[in-house]
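The structure under discussion appears below in the form of structure tokens.
A short reminder: the numbers here are calculations on the coordinates, not readings from a lab. Predicted model, so just to flag it, every value in this text is computed and none were measured. Positions of Cβ are backbone-derived with ideal geometry, glycine not excepted, and every protein chain shown enters the neighbour counts.
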Amino acid sequence: MLKALFEMLSYPFMARALVVGLLVSLCASLLGVSLVLKRYSMIGDGLSHVGFGTLAAATVFNASPLLMAAPVVMAAAFLLLRLSENSQVRGDAGIALISNGSLAVGIMLISLTTGINIDVYNYMFGSILTMSAADVALSAVLASAVLAVFVLFYNKIFAVTFDESFARASGTNAGLYNSLLAVLTAVTIVLGMRMMGALLISSLIIFPAATSMRLCKTFKSVTICSASVSAACFLTGLAASFLFAAPTGASIVVANIAAFFIFCALKAGTRIARRTKQSGA
Amino acid sequence: MVILRCRDASFAYDGNEVLSGLNFEINSGDYLCVVGENGSGKSTLIKGLLRLKPPCAGEVSVSGVAAGEVGYLPQQTAAQKDFPASAREVVLSGRLGARGILAFYTKADKSVCDENMRRLGVYDLRGSCFRELSGGQQRRVLLARALCAAKKLLILDEPAAGLDPAASRELYLIIEKLNRQDKMTIIMVSHDISGALQYSSHILHLNNSRLLYFGKTAGYAGSAAGAGLVGRRPDA
Ligand SMILES: Nc1ncnc2c1ncn2[C@@H]1O[C@H](COP(=O)(O)OP(=O)(O)OP(=O)(O)O)[C@@H](O)[C@H]1O
Ligand SMILES: [Mg+2]
């Protein structure tokens, strides 16, 4: 197993995938805690579809995918945030409209020009082969920036996530931190989309947080646990995809699903253990 | 010194006015109790004073109190039922408003937090998960958070709701001390008329979306507004 892993890293594209993927997994899992708790999980999903539309447009117009997608997805993030702040029901519908709309426009653009080719397939389901060295450098820098901002604003993000009106009342600029979350999420999604695929990237945001909330009961432990679970699942998924020649994004998601069920089982296990202890005593 | 002023302020939800034409001033050092029956708009007024809800007409002005000097206890917390957070994490977040953009807690923040948790008898629960506390314990934790945030102004929406008698007596004493010794301005929504009469300096009575009484507590019992309520046992 270990030998296989070393062999895997001897391929430069795998080493690149490892660096970028690990950073993106960490970003996604950290932001995910806030997004899931704020009931914003759908925003991640919506953004990834907008990302797909933009990538499709970038292919058609021969523009740099990363540079074109980042600003568009950021703008969409602000829009979706506004929508979901204003009204629960309308917000939900709005997100669905935007996300499916951009998916449809993306597919139209492609089928009218190049047709569904391997590039498009990769955008939807992800590929680790598509990243150039320059992509990797840019991704690493952006992802590190996201991580740094998250750590610096950790306490504020907690306050705004836990009780926004208290945070506002006691002088925290909640709007600013909500926007910050939106921007960071947009950047993370754009970075992760190439590897994970537009259809799978949002699971990187939702799964680790949902998994660690099975067992952890403080915000700090949930945050740390999400990051660890996410990193572990990424490594497992990447290794599995290399060993079994399986698609990377899907392998990582499957690893996350496995982790989720393991945590559920652990939770049930601790509950049973407690009950038998109580009845025994 | 006037720190809060409402001029013809009205508040509405989706175009339905629930408070209209409010005119009053709150001075620094006042201890104001807001009373009125359920649905009379007390919580709405509180949100208006905190600028969480803009008035649909008129204006609410605040002076001499920075946003980071206000402590607030909401009537209901928006926080989700399954939120993972320890009691201490919640109380500590009360210290954030006063911090700048980069917010790391200092030793002083932590000791203020622990002191307030002891005051409200929740220090032993500090490591517990907030969502697994009882309703009254959660209330006390949120009160400790409000005390951590308050420097000049403390706004409490039904602080005694759900507290046992000993805890609510203790709470009144803590608030009185803050008001007397630290000259903190207190605005408190309460259904406990006798407590309001005993401790507050001013009373604001809302009824049917209007201000029925605003003035010194001493004059309240003799007013038309007070006559109906004073002497009656509080329902809560
Ligand atoms: N979010 C809301 N949307 C629509 N109407 C609302 C909303 N919140 C309050 N209202 C309405 O505004 C009026 C005043 O509500 P408010 O919560 O201010 O009353 P209150 O005096 O605090 O009552 P209580 O003693 O029960 O806490 C009520 O008639 C209520 O129906
Ligand atoms: Mg109320």
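Since only A:Ala239, A:Thr114, A:Asn62 are under comparison, the one whose Cα sits farthest along the positive direction of the charge dipole of segment A:2-280, derived from C-beta charges on Lys, Arg, Asp and Glu, is A:Ala239.
Highest mean packing comes first when the peptides A:229-241, A:210-222, A:193-205, A:131-143 are listed by Cβ atoms within 10 Å, giving A:193-205, A:229-241, A:210-222, A:131-143.
Pairs spanning more than 28 Å between alpha-carbon atoms, out of B:Lys53/B:Lys110; B:Lys107/B:Lys152; A:Lys217/B:Lys53; A:Lys156/A:Lys217; B:Lys47/B:Lys216; B:Lys42/B:Lys177: B:Lys53/B:Lys110; A:Lys217/B:Lys53. Contact order, relative form, for segment A:2-280: 30 percent (alpha carbon pairs under 8 Å, 6 or more residues apart, mean separation divided by residue count).
By the combined test of axial Cα extent (at least 18 Å) and Kyte-Doolittle hydropathy (mean at least -0.5), the qualifying DSSP H helices of chain A come to A:12-37, A:41-60, A:65-86, A:88-112, A:133-152, A:174-196, A:201-215, A:219-243, A:248-280. With springs connecting C-alpha atoms under 10 Å apart, model chain A as a Gaussian network and identify which of A:Ala58, A:Ala186, A:Ala245 has the largest mean-square fluctuation. Of A:Ala58, A:Ala186, A:Ala245, the Gaussian network model singles out A:Ala245 as fluctuating most.
First check a/c for chain A, with a ≥ b ≥ c the square roots of the eigenvalues of its C-alpha gyration tensor; if it is under 1.5, answer rounded, and if not, answer prolate when a/b is larger than b/c or oblate otherwise. Provide the component values of the computation, followed by the final result.
Working: a/c = 1.79, a/b = 1.17, b/c = 1.53.
Since a/c reaches 1.5 but b/c is at least a/b, the shape of chain A is classed as oblate.
Quote the charge dipole size of segment A:179-281 about the Cα centre in Debye, to the nearest 20; the model charges only the Cβ of Lys and Arg (+1) and of Asp and Glu (-1). Walk me through the intermediate numbers first.
Working: 9 positive and 0 negative charges, 125 e Å.
Rounded to the nearest 20 debye, it is 600 debye.
Where only DSSP H runs of four or more residues are counted, chain A gives -29000 deg cm²/dmol as its mean residue ellipticity at 222 nm, each run worth -39500 (n - 2.57).
If both residues of a DSSP beta bridge must be in the protein assembly as shown, then about 55% of such bridges are antiparallel. Shape of segment B:104-158 from the C-alpha gyration tensor: oblate (a/c of 1.5 or more and a/b not above b/c, with a ≥ b ≥ c the square roots of its eigenvalues). With R₀ set to 41 Å, the beta-carbon distance separating B:Ala166 from B:Asn207 gives a calculated FRET efficiency near 0.80. Segment A:30-164 has equivalent-ellipsoid semi-axes of 28, 21, 11 Å, by the square roots of 5 times the alpha carbon gyration tensor eigenvalues, sorted largest first.
What's the magnitude of the charge dipole for chain B around its Cα centre, counting Lys and Arg as +1 and Asp and Glu as -1 at the beta-carbon? Answer in Debye, nearest 20.
In debye, rounded to 20, chain B gives about 500.
Estimated from helices alone, the mean residue ellipticity of chain B at 222 nm is -9500 deg cm²/dmol (sum of -39500 (n - 2.57) over DSSP H runs with n ≥ 4, per residue).
Here is the list for segment B:141-236: trypsin sites (Lys or Arg not before Pro) lying in DSSP coil, each with at most 14 other C-beta atoms within 10 angstrom of its C-beta, are B:Lys183, B:Arg232. Could you please state, rounded to a whole Å, how far the C-alpha centre of segment A:226-272 is from the C-alpha centre of segment A:128-192? Segment A:226-272 and segment A:128-192 have Cα centres spaced 24 Å from each other. Averaged over peptide A:214-226, the number of partner chain Cβ atoms lying within 10 Å of each residue's Cβ comes to 3.
Across peptide B:69-75, the average count of Cβ atoms from other chains found within 10 Å of a residue's Cβ is 3. Between A:Ile257 and A:Ser221, residue separation times 0.36 nm minus the direct Cα-Cα distance comes to 11.0 nm.
Shielding of peptide A:148-161 by partners, expressed as the average count of other chain Cβ atoms within 10 Å per residue Cβ, is 4.
When both segment A:19-52 and segment B:101-149 are represented by their alpha-carbon centers, they are found 30 Å apart. With a cut-off of 13 Å between beta carbons, the residues surrounding A:Phe158 carry a summed charge of +4, where Lys and Arg count +1 and Asp and Glu -1.
Of the residues B:Gly29, A:Gly249, A:Leu18, the one whose Cα sits farthest towards the positive end of the charge dipole of the protein assembly as shown is B:Gly29 (charges of +1 on Lys and Arg Cβ, -1 on Asp and Glu Cβ, taken about the Cα centre). A DSSP coil position with no more than 16 other Cβ atoms inside 10 Å describes the following trypsin sites (Lys or Arg not before Pro) in segment B:20-56: B:Arg51. Taking the Cα atoms only, what angle lies between the long axis of helix B:165-181 and the longest principal axis of chain B, rounded to 10 degrees? The answer is roughly 80 degrees.
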